[in-house]
1. Per residue, how much accessible surface does the stretch 2-95 expose to a 1.4 Å probe? Answer in Å², no decimals.
2. Mind checking which lysines have their C-alpha under 30 Å from LYS84, skipping anything on the same chain fewer than 8 residues away?
3. If you build a Gaussian network model of the chain, linking Cα atoms that sit under 10 Å apart, which residue out of GLY54, GLY30, GLY17 swings the most?
4. How much of the accessible area of the chain, probe 1.4 Å, is carbon plus sulfur, in whole percent?
5. Mean separation of Cα pairs under 8 Å and 6+ residues apart, divided by the residue count of the stretch 6-55: what relative contact order is that in percent?
6. Compute the orientation-averaged projected area for the chain from the convex hull of its Cα atoms and round it to one decimal in nm².
7. Which of LEU22, LEU53, LEU42 moves the most in a Gaussian network model of the chain with Cα springs under 10 Å?
8. Mean separation of Cα pairs under 8 Å and 6+ residues apart, divided by the residue count of the chain: what relative contact order is that in percent?
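The values are calculated or read from the model by the stated rules, or taken from the named source; none is laboratory data. Just so we're clear, the structure is a prediction, and the values are computed from it rather than from any experiment. Remember, those area values only see protein heavy atoms, side chains included, never the ligands or the DNA or RNA. Shrake-Rupley method; radii C 1.70, N 1.55, O 1.52, S 1.80 Å.
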Amino acid sequence: MIRTITEQDWVSEYTKGKKNPLPVVLGTRGTWTGNRKPMIILIGFTIEDVLVLGDIYGVSHHPVREMKDQRVAYYAINIIDKKKVKEIIEEWKEQ
């Protein structure tokens with residue numbers, strides 16, 4: 001059975017017990033979707049971290065979302081361009 005989890009739930013679980021969580025890239029296996037289309041989400045716990053990820057993946061011009069819940073605040077950039085998502089997934093497969 002596949003368990004569906006939201007971005008906020010994933011980040012909350014990821015940060016549990018971590019004093020200084022590292023930035024992450026969600027969706028590199030093609031399993032993260034939005035509107036049933038694969039997407040990549042860059043997540044940083046400082047604005048600088050998410051902007052550096054944006055530079056690395058060539059999407060620093062994309063809008064940055066600031067997300068907050070009871071436990072954690074983070075910044076995120078969505079990558080939804082099909083060609084760019086496929087390119088990132090392929091790049092991660094090589095690692």
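1. Numbers: 6600 Å² over 94 residues.
Accessible surface, normalised per residue, equals 70 Å².
2. Straight-line reach from LYS84, under 30 Å: LYS37, LYS68, LYS93.
3. Taking springs between Cα atoms under 10 Å, the residue moving most is GLY17.
4. Values: 3520 of 6830 Å².
Roughly 52 percent of what the probe reaches on the chain is carbon or sulfur.
5. On the way: 42 pairs, mean separation 13.8, N = 50.
Relative CO of the stretch 6-55 lands at 28 percent.
6. Details: hull surface 27.4 nm².
Projected over every direction and averaged, the Cα hull of the chain covers 6.9 nm².
7. Among LEU22, LEU53, LEU42, the largest GNM mean-square fluctuation belongs to LEU22.
8. On the way: 124 pairs, mean separation 24.5, N = 95.
Relative contact order here is 26 percent.
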